[in-house]
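One structure is given here, and the rest of the page talks about it.
What follows draws every value from the coordinates through simple rules; no lab data is involved. These figures come from a predicted structure and were not determined experimentally. Here Cβ is always computed from backbone atoms with ideal geometry, including for glycine, and neighbour counts include all displayed protein chains.
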Amino acid sequence: MKAVIGYLLAGIGLIGLALNSKIGRANFNFLEKINSEYILIPVAVLIVLGVVIMIMNSKAGSKIKQINNEVPIYQGEGKKRKIVGYRVQ
């Protein structure tokens with residue numbers, strides 16, 4: 001759920017960045033009265049905050065916990081041995 005918030009914040013920031021461009025300012029007349037830096041700073045904060053939230057959530061979901069310790073089962077000897085399976089210790 002938190003990843004969705006990160007995507008929304010980054011998306012709003014990218015839309016704001018597009019509106020702050022020359023083409024966006026030409027299409028929306030009310031933006032010509034506002035200084036570009038007053039829009040750029042909050043938009044950049046939204047993008048960075050959204051990306052940070054997405055990164056934090058992607059790391060939290062990637063942790064895999066093993067229930068039991070597993071020991072490899074080898075076949076062959078020396079350098080020619082290969083792992084053929086695992087058994088629970």
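Residue ranges 33-46, 7-20 sort as 7-20, 33-46 when ordered by packing (mean number of other C-beta atoms within 10 Å per residue, highest first).
Would you kindly work out the equivalent ellipsoid of the chain from its C-alpha gyration tensor and give its semi-axes, the square roots of five times the eigenvalues, largest first in whole Å? Intermediate results must be reported in sequence, preceding the final value.
Values: eigenvalues 605, 41, 15 Å².
The equivalent ellipsoid of the chain has semi-axes of 55, 14, 9 Å.
Net charge of the neighbourhood of N20, taken over other residues with C-beta under 12 Å away and scored Lys/Arg +1, Asp/Glu -1, is 0. Axis angle, to the nearest 10 degrees, between helix 2-19 and the longest C-alpha principal axis of the chain: 40 degrees. Excluding same-chain neighbours fewer than eight residues apart, no aspartates and glutamates are reachable from K2 by a Cα-Cα span under 17 Å. When both segment 26-46 and segment 1-15 are represented by their alpha-carbon centers, they are found 19 Å apart. Phi angles across segment 39-45 convert, under the Karplus curve 6.51 cos²θ - 1.76 cosθ + 1.60 with θ = phi - 60°, into 3J(HN,Hα) values of 8, 5, 5, x, 5, 5, 5 Hz, Gly and Pro given as x.
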